[in-house]
Amino acid sequence: MPELTTLYRPVGRKELELIRRTGFRSFPPRLPEQPFFYPVLSEECATQIARDWNTKDEASGLEGHVLRFRVRSEFLSRYDVRIVGSSAHREYWIPAGELDELNRNIDGVIEIIQSFR
């Protein structure tokens, strides 16, 4: 069994719908103005973003959802963990062009663990 790392992703309504269309198996391609995919390492951080930011953002449909997924650690080992803001906000910066490879390294399904409206 490969070693897995649990990651979290706060998303709005539109991104959640695109993920749902894949059977909760992959994340959609980034938009041209989104050069990176930012999964976070803590549920607490993802919850804060989904609850406090996404629910106030019209582009997110005024909804925030916390997703949990597992990725092969070997794949993630090529990326540094970045600290953004406080030390609790740790995330990976996966280049948009490498998102398909990240999707191939997801083990199992992407789960919705919290929703805020």
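The values are calculated or read from the model by the stated rules, or taken from the named source; none is laboratory data. Note that the structure is predicted; figures quoted are calculated from it, not measured. Heads up, the Cβs are rebuilt from the backbone with ideal geometry, glycines too, and the neighbour counts pull from every protein chain shown. Heads up: the accessible areas ignore ligands, DNA and RNA and are worked out on the full protein's heavy atoms, side chains in. Shrake-Rupley method; radii C 1.70, N 1.55, O 1.52, S 1.80 Å.
Pull out all pairs, ordered by first then second residue, where Cβ-Cβ is under 8 Å, the residues are six or more apart or on different chains, the first lies in the range 22-33 and is under 15 Å from Ala59 (Cβ atoms) and of a type outside the set (A, V, I, L, M), and the second is in a loop (DSSP other than H, G, I, E, B) and modelled with pLDDT of 95 or more.
From the range 22-33, the pairs are Pro28/Thr22.
Test each condition in (1) out of contact with any helix residue (DSSP H, G or I) (no Cβ under 8 Å at 6 or more places or on another chain); (2) among the charged types (D, E, K, R); (3) under 18 Å from Leu102 (Cβ atoms); (4) surrounded by 13 or more Cβ atoms within 10 Å (Cβ to Cβ) for Glu43 and report the one that comes out false.
(3)
If you scan the range 46-65, which residues turn out to be in a helix (DSSP H, G or I) and of a type outside the set (Ser, Thr, Tyr)?
First pass over the range 46-65, keeping only residues in a helix (DSSP H, G or I): 46-52, 54-56, 58-60.
Within the range 46-65, Ala46, Gln48, Ile49, Ala50, Arg51, Asp52, Asn54, Lys56, Glu58, Ala59 meet the criteria.
On the basis of being touching a helix residue (DSSP H, G or I) at 6+ places or on another chain (Cβ under 6 Å) and at pLDDT 95 or above, does Val66 make the cut? Give the derivation first.
On the way: touching a helix residue (DSSP H, G or I) at 6+ places or on another chain (Cβ under 6 Å): yes; at pLDDT 95 or above: yes.
So Val66 fits the description; yes.
Just name the residue that is nearest to the chain's Cα centre (by Cα) out of those in the range 1-35 that are of a type in the set (A, V, I, L, M, F, W, C) and loosely packed, with under 15 Cβ neighbours inside 10 Å. Break it down stepwise before answering.
Residues of the range 1-35 of a type in the set (A, V, I, L, M, F, W, C): 1, 4, 7, 11, 16, 18-19, 24, 27, 31.
Next cut, loosely packed, with under 15 Cβ neighbours inside 10 Å only: 1, 18, 31.
Values: Met1: 23, Leu18: 13, Leu31: 15 Å.
Among residues in the range 1-35 that are of a type in the set (A, V, I, L, M, F, W, C) and loosely packed, with under 15 Cβ neighbours inside 10 Å, the one nearest to the chain's Cα centre (by Cα) is Leu18.
Quick check on Arg104: is it closer than 18 Å to Arg20 by Cα, at pLDDT 95 or above and over 14 Å from the mean Cα position of the chain (by Cα)?
Working: closer than 18 Å to Arg20 by Cα: yes; at pLDDT 95 or above: yes; over 14 Å from the mean Cα position of the chain (by Cα): yes.
Judged against the criteria, Arg104 is a match.
From Asn54, Asn105, which residue is closer than 16 Å to Gly12 by Cβ and touching a strand residue (DSSP E or B) at 6+ places or on another chain (Cβ under 7 Å)? Even if it seems obvious, please write down each step before you answer.
Values: Asn105 fails: closer than 16 Å to Gly12 by Cβ.
The match here is Asn54.
Go through the range 70-117 and report how many residues are of a type outside the set (A, V, I, L, M, F, W, C), part of a strand (DSSP E or B) and in contact (Cβ under 8 Å) with a residue 12 or more places away in the chain.
First, the residues of the range 70-117 that are of a type outside the set (A, V, I, L, M, F, W, C): 70, 72-74, 77-80, 82, 85-87, 89-92, 95, 97-98, 100-101, 103-105, 107-108, 111, 114-115, 117.
Remaining after also requiring part of a strand (DSSP E or B): 70, 72, 82, 90-92, 95, 107-108, 111, 114-115.
Filter again for in contact (Cβ under 8 Å) with a residue 12 or more places away in the chain, leaving 70, 72, 90-92, 95, 107-108, 111, 114-115.
So the count comes out to 11.
Identify, from the list Arg70, Arg117, Arg82, the residue that is touching an Asp or Glu at 6+ places or on another chain (Cβ under 6 Å) and crowded, with 17+ Cβ neighbours inside 10 Å. Spell out how you get there, then give the answer.
Numbers: Arg117 fails: crowded, with 17+ Cβ neighbours inside 10 Å; Arg82 fails: crowded, with 17+ Cβ neighbours inside 10 Å.
None of the others qualify; the one that does is Arg70.
Anything in the range 86-112 that is of a type in the set (S, T, N, Q) and either touching an Asp or Glu at 6+ places or on another chain (Cβ under 9 Å) or open to solvent by less than 40 Å² (accessible area, probe 1.4 Å) (or both)? List them, or say none.
Let us first name the residues in the range 86-112 that are of a type in the set (S, T, N, Q), namely 86-87, 103, 105.
Asn103, Asn105, listed by residue number.
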